[in-house]
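Here the structure comes first, spelled out in structure tokens, and everything after it is commentary.
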Amino acid sequence: MRTAFLNVKDAAEYLGLSPHTLYVWRHRRQGPPSFRMGPRGRVMYRVEALDAWVRQQEQADSRSNTALSPLNSAPQHRSGRVPST
């Protein structure tokens with residue numbers, strides 16, 4: 001049975017990261033969304049939120065999203081001005 005929630009250790013393993021990386025990202029308010037659950041306030045991650053976050057990362061990367069690739073944009077032309085000395 002697959003669970004809908006993962007603790008930090010399991011979320012890190014799921015993403016192929018170290019738990020320390022997730023702690024640092026959480027402290028910096030980066031990375032996948034997390035929340036505290038239960039009376040002890042354990043940090044948890046929803047599996048569906050992790051999957052959505054990975055998809056967002058793929059879309060934000062020009063190597064995965066050809067619309068963002070600088071190779072697909074029109075060349076920029078420089079003005080013919082030569083700076084005076």
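Computed quantities for the displayed model
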{"quantity": "Extension gain, His27 back to Trp53 (0.36 nm per residue minus Cα-Cα distance, nm)", "calculated": "7.7 nm"}
{"quantity": "Volume in Å³ per residue [convex hull over Cα atoms, computed for the range 2-54]", "calculated": "74"}
{"quantity": "Extended-chain gain in nm, criterion 0.36 nm per residue less alpha-carbon gap, Phe35 and Ala4", "calculated": "9.8 nm"}
{"quantity": "Amide proton proximity set for Phe5, modelled H, under 5 Å, gap of 5+", "calculated": "Val47"}
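FYI, it's all coordinate maths here, none of it is from the lab. Keep in mind that this is a model prediction, so the values were computed, not measured.
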